[in-house]
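Heads up: the structure comes next, in structure tokens.
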Amino acid sequence: MADPVETAAYPAYPVGLRLSGRKVVVFGGGQVAQRRLPALIAAGADVTLISPSATPSVEAMAETGEITWVRRRYEDGDMADAWYALVATSDPVANAAASEEAERTKTWCVRSDDADAATAWTPATGRSEGVTVAVLTGHDPRRSAAVRDAIVEGLRDGSLAAPQRRSRTPFVALVGGGPGDPDLITVRGRRLLAEADVVIADRLGPRDLLDELPPHVEVIDAAKIPYGRFMAQEAINNALIEHAKAGKSVVRLKGGDPFVFGRGMEEAQALAAEGIPCTVVPGISSSISVPGAAGIPVTHRGVAHEFTVVSGHVAPDDPRSLVDWASLAKLTGTLVILMGVDKIGKIAEALVAHGKSPETPLALVQEGTTATQRRVDATLATVAETVKTQEVRPPAVIVIGDVVTESPDKLVK
């Protein structure tokens with residue numbers, strides 16, 4: 001067996017093991033095995049666990065057939081035909097014996113209790129969109145994990161440039177940008193933005209994200225697309241199709257979630273009709289995030305067991321309205337209204353007319369999650385006048401119900 005002192009003087013040689021269908025032996029069924037087994041299973045390894053006991057999670061892997069569990073301690077000969085071994089028992093003597101057998105059988109072996117005596121080390125590993133990042137820093141696992149996390153986060157959010165060769169197949173991503181704070185876009189949404197050739201953005205999308213885009217990216221304000229004989233939405237659809245057919249990677253950046261009053265399905269249908277692949281990246285809807293940012297829970301134990309989200313862009317007395325305001329007035333939960341600032345007076349009247357108490361508390365949260373966020377409280381009886389005197393402007397989320405009074409005294413933004 002090689003002298004650990006001598007081998008420690010040399011750096012580890014990084015390599016990726018292809019373990020699919022190959023035997024891997026794991027000794028010990030504790031926390032170390034629980035952390036390492038999922039990656040071995042994902043790699044397709046034929047895993048044999050040798051341990052008299054195991055954690056409930058490891059036991060579940062055996063019960064579902066993901067691994068083979070031999071319920072006993074290590075015995076000489078257990079390394080037979082193994083390509084790779086993980087030694088992680090609580091018995092130092094058994095660990096040493098297993099490590100010695102691995103040396104004799106020329107099996108690469110990781111030891112959780114003595115890295116110097118091992119013939120292999122487990123790197124800090126992370127994955128992002130088909131890229132595997134593995135980091136080794138000798139005997140400093142915390143630094144390895146920190147470096148890995150920094151790289152993976154950079155790849156995911158697009159802050160780490162990693163150009164990749166891709167085909168010019170037309171492609172569009174409908175990305176929900178969240179309620180306004182650029183930090184509240186999803187990791188996948190941010191990464192797709194970083195890879196885009198063209199971004200067609202809504203006025204209510206997180207505008208700060210556009211400043212981060214490389215200079216070659218064409219940014220199009222959806223509100224300024226000339227539409228002539230077309231409706232505005234049809235013009236946006238055509239712009240998506242035109243740029244995608246030109247072989248560009250297109251991101252349609254929308255506020256909130258694409259399918260929550262975002263007309264995302266209309267765009268997806270238009271793209272499908274042209275045979276253009278489209279992916280939908282959900283976003284954090286302002287219907288729950290904005291009240292939360294203002295300290296209002298849309299549900300609360302003993303107060304509200306449900307919440308309803310309604311578009312308020314059409315008044316209750318408008319023949320185009322599809323909302324059953326009479327039924328909403330009878331609900332005891334929370335009512336969240338989007339796009340309803342200029343119609344809130346008539347909405348309040350309709351709710352009261354159908355039985356809702358005029359004293360029902362209400363809050364309007366303007367420009368939620370942004371630096372200019374402000375909250376204005378009222379009741380159904382006073383909201384019409386309050387909106388005028390307080391000069392509440394869109395975009396604002398309106399929350400109606402007793403949860404409004406449950407706000408904490410202090411909320412860190």
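Out of all the residues in region 49-60, is one or more under 18 Å from residue 122 (Cα atoms) and not acidic (Asp, Glu)? Break it down stepwise before answering.
Here is the first cut: in region 49-60, the ones under 18 Å from residue 122 (Cα atoms) are 49.
Subset that is not acidic (Asp, Glu): 49.
Scanning region 49-60 turns up at least one residue that is under 18 Å from residue 122 (Cα atoms) and not acidic (Asp, Glu).
Here's a check for you: in region 81-100, which residue that is part of a loop (DSSP other than H, G, I, E, B) and over 19 Å from residue 44 (Cα atoms) is least open to solvent (accessible area, probe 1.4 Å)?
The residue in question is 88.
For a quick check of your reading of the model, give me the residue pairs whose first member lies in region 33-53 and is touching a residue at least 60 places away in the same chain (Cβ under 8 Å), whose second is surrounded by fewer than 22 Cβ atoms within 10 Å (Cβ to Cβ), with beta-carbon atoms closer than 8 Å and at least 6 apart or on different chains.
36/122; 39/125
What is the one condition in (1) touching a Lys or Arg at 6+ places or on another chain (Cβ under 7 Å); (2) part of a loop (DSSP other than H, G, I, E, B) that residue 267 does not satisfy?
(2)
Exactly one of (1) without any contact (Cβ under 8 Å) to a residue 12 or more places away in the chain; (2) acidic (Asp, Glu); (3) outside any loop (DSSP other than H, G, I, E, B) is unmet by residue 391. Its number?
Every listed condition holds for residue 391 apart from (3).
Do we have residue 308 as closer than 22 Å to residue 284 by Cβ, in contact with a Phe, Trp or Tyr (Cβ under 8 Å, 6 or more places away or on another chain) and modelled with pLDDT of 95 or more here?
No.
Table: residues versus (1) more than 25 Å from residue 302 (Cβ to Cβ); (2) open to solvent by less than 20 Å² (accessible area, probe 1.4 Å); (3) touching a Ser or Thr at 6+ places or on another chain (Cβ under 6 Å).
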position: 356; (1), (2), (3): no, no, no
position: 363; (1), (2), (3): no, yes, no
position: 375; (1), (2), (3): no, no, no
position: 380; (1), (2), (3): no, yes, yes
position: 388; (1), (2), (3): yes, no, no
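What number of residues in region 262-273 are over 22 Å from the mean Cα position of the chain (by Cα), of a type outside the set (Gly, Ala, Ser) and surrounded by fewer than 16 Cβ atoms within 10 Å (Cβ to Cβ)?
Number of matching residues: 2.
Could you grab me the full set of residues in region 274-288 that are assigned to a helix (DSSP H, G or I) and open to solvent by 20 Å² or more (accessible area, probe 1.4 Å)? Talk me through it step by step, then tell me what you get.
Restricting attention to region 274-288, the residues satisfying the condition of being assigned to a helix (DSSP H, G or I) are 286-288.
Correct list: 286, 288.
For region 101-124, which positions are in a strand (DSSP E or B) and either more than 15 Å from residue 40 (Cβ to Cβ) or open to solvent by 50 Å² or more (accessible area, probe 1.4 Å) (or both)?
Answer for region 101-124, where residues must be in a strand (DSSP E or B) and either more than 15 Å from residue 40 (Cβ to Cβ) or open to solvent by 50 Å² or more (accessible area, probe 1.4 Å) (or both): 108, 111, 124.
Please go through region 303-317 and give me each residue that is open to solvent by 60 Å² or more (accessible area, probe 1.4 Å) and under 16 Å from residue 400 (Cα atoms), ordered by number.
Those that are open to solvent by 60 Å² or more (accessible area, probe 1.4 Å) and under 16 Å from residue 400 (Cα atoms): 305, 306, 307.
Contact list please: Cβ distance under 7 Å, first residue in region 110-126 and closer than 11 Å to residue 136 by Cβ, second residue open to solvent by 50 Å² or more (accessible area, probe 1.4 Å) and assigned to a strand (DSSP E or B), pairs at least six apart or on different chains.
120/108; 123/134; 125/132; 125/134
Quick check on region 295-353: of everything there that is in a loop (DSSP other than H, G, I, E, B) and small (Gly, Ala, Ser), which residue is farthest from residue 375 (Cα to Cα)?
321
What are the residues in region 171-202 that are assigned to a strand (DSSP E or B) and under 13 Å from residue 264 (Cβ atoms), if any?
Within region 171-202, 172, 173, 174, 175, 176, 200 meet the criteria.
Within region 254-261, does at least one residue satisfy the condition of being in contact with a Leu (Cβ under 7 Å, 6 or more places away or on another chain), open to solvent by 20 Å² or more (accessible area, probe 1.4 Å) and under 25 Å from residue 337 (Cβ atoms)?
yes
Only residues that are in contact (Cβ under 8 Å) with a residue 12 or more places away in the chain and either within 18 Å of residue 183 (Cβ to Cβ) or out of contact with any helix residue (DSSP H, G or I) (no Cβ under 7 Å at 6 or more places or on another chain) (or both): list them for region 283-297, please.
Within region 283-297, 283, 284, 285, 286, 287, 288, 289, 290, 291, 293, 294, 295 meet the criteria.
Scanning for something over 34 Å from the mean Cα position of the chain (by Cα), open to solvent by 60 Å² or more (accessible area, probe 1.4 Å) and closer than 21 Å to residue 114 by Cβ, does region 50-73 turn up at least one residue?
Taking every residue of region 50-73 in turn, at least one turns out to be over 34 Å from the mean Cα position of the chain (by Cα), open to solvent by 60 Å² or more (accessible area, probe 1.4 Å) and closer than 21 Å to residue 114 by Cβ.
Residue by residue through region 358-388, note down the ones that are charged (D, E, K, R) and not in a loop (DSSP other than H, G, I, E, B).
374, 375, 377, 385, 388
Based on what the data block shows, is residue 371 under 21 Å from residue 256 (Cα atoms) and open to solvent by 60 Å² or more (accessible area, probe 1.4 Å)? Let's see the steps before the verdict.
Working: under 21 Å from residue 256 (Cα atoms): yes; open to solvent by 60 Å² or more (accessible area, probe 1.4 Å): yes.
Against the criterion (under 21 Å from residue 256 (Cα atoms) and open to solvent by 60 Å² or more (accessible area, probe 1.4 Å)), residue 371 qualifies.
The values are calculated or read from the model by the stated rules, or taken from the named source; none is laboratory data. Given the structure is predicted, the values throughout are model-derived calculations rather than measurements. Neighbour counts run over all protein chains shown; Cβ positions are idealised from the backbone, glycine included. SASA here: full protein model, heavy atoms, side chains in, ligands and nucleic acids out. Shrake-Rupley method; radii C 1.70, N 1.55, O 1.52, S 1.80 Å.
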